[in-house]
Amino acid sequence: MRVLTTVNLKGGSGKTTTAAFLAHAFADRGKRAIVVDADPQGSALRWQGMAEWPVPAIGLPTTGLHRQLAGVVDRTRFDLVVIDTPPLEERQGIVASALRIATDVLVPMAPSMMELDRVGPVWKAIEDAAGYRDDDPTVSVLLNRVVPNASSTRAIRDVLTDQGRRVLTATVPRREAYAQAFGSPIEPDVPYGQVADELLALWGER
Ligand SMILES: Nc1ncnc2c1ncn2[C@@H]1O[C@H](COP(=O)(O)OP(=O)(O)O)[C@@H](O)[C@H]1O
Ligand SMILES: [Mg+2]
């Protein structure tokens, strides 16, 4: 069972939107996916309830996530857990716990200098979590809120790549449909489908 944790320092970076759309994209691709909402605000859980997602969701906003997950999510029933986390700066303990059990970490961020400037603590948290485990997770940046043809996207990608970070080729555009998606059913989505396909390829699963 893979455990994909979305993480970033701040709120508003697209963690919940990404967790929600990606879980659906994986389900569309035949994966038995479940969302674990580790944010005490519970947005993913409420969205799931409002829209009656086909993808199950449970709330587990606790610093004991790495101990409790195995007892809450049955490995024989699910292929993939997508963990939506609170902002690292607000709930470091929960995020650290979610990073400890991640097989894969996804950092959604807009391709802007400001977001780039504040991603440092995220790398630090991922490295700190590595001290508690044997094998390192895959770590990928997902550029979202991308404006088509903006030169900034390429520039930010290059800086991250030069820093040794993996940046997914697939990106998510800035779209009103994402901005207004909360509470509504999630239809098959091309950009997040491409993100799911790229992650599956990274994992050697297609
Ligand atoms: N690609 C996008 N284009 C436009 N709006 C987006 C996009 N991704 C997320 N949003 C909006 O940005 C806000 C913050 O996203 P959210 O997923 O809640 O971030 P986080 O969970 O990191 O706080 C939400 O209103 C969401 O609808
Ligand atoms: Mg959120």
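Taken together, the values in this text are just the output of simple stated rules run on the coordinates, not laboratory data. Because the structure is a prediction, the values reported are computed rather than measured. Note that each Cβ is placed from the backbone with ideal geometry, even for glycine, and that neighbours are counted across all protein chains shown.
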Query - DSSP loop GluC sites (Glu not before Pro) with at most 16 other Cβ within 10 Å: longest gap in the chain - result: 91-204
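Can you compute the helix-only [θ] at 222 nm over the chain? Use -39500 (n - 2.57) per DSSP H run of at least 4 residues, normalise by all residues, nearest 500 deg cm²/dmol. Can you show the working numbers first?
Numbers: 9 runs with 85 residues, N = 206.
Per the formula, -12000 deg cm²/dmol.
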Requested in this report: Could you tell me which of rounded, prolate or oblate describes the chain, using a ≥ b ≥ c as the square roots of the eigenvalues of the alpha-carbon gyration tensor, with rounded for a/c under 1.5 and, failing that, prolate when a/b is larger than b/c and oblate otherwise?
Outcome: rounded
**Report entry** Relative contact order of region 2-196, pairs being alpha-carbon contacts under 8 Å that are 6 or more residues apart, as %
**Finding:** 28 percent
Query raised in the report: Looking only at D84, D117, D136, which one moves most when the chain is put into a Gaussian network model with springs between Cα atoms under 10 Å?
Result: D117
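If exposed means no more than 14 neighbouring beta carbons inside 10 Å and the site is in a DSSP loop, what's the longest run of the chain without any exposed chymotrypsin sites (Phe, Trp or Tyr not before Pro)? Working shown, then result.
Values: sites that count: Y132, W203.
No qualifying site falls inside 1-131, the longest such stretch.
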Query raised in the report: So, in Å, what gap is there between the alpha-carbon centers of region 99-125 and region 134-191?
Result: 12 Å
Query raised in the report: What size of dipole, in debye to the nearest 20, comes out for the chain about its Cα centre when the only charges are +1 on Lys and Arg C-beta atoms and -1 on Asp and Glu C-beta atoms?
Result: 40 debye
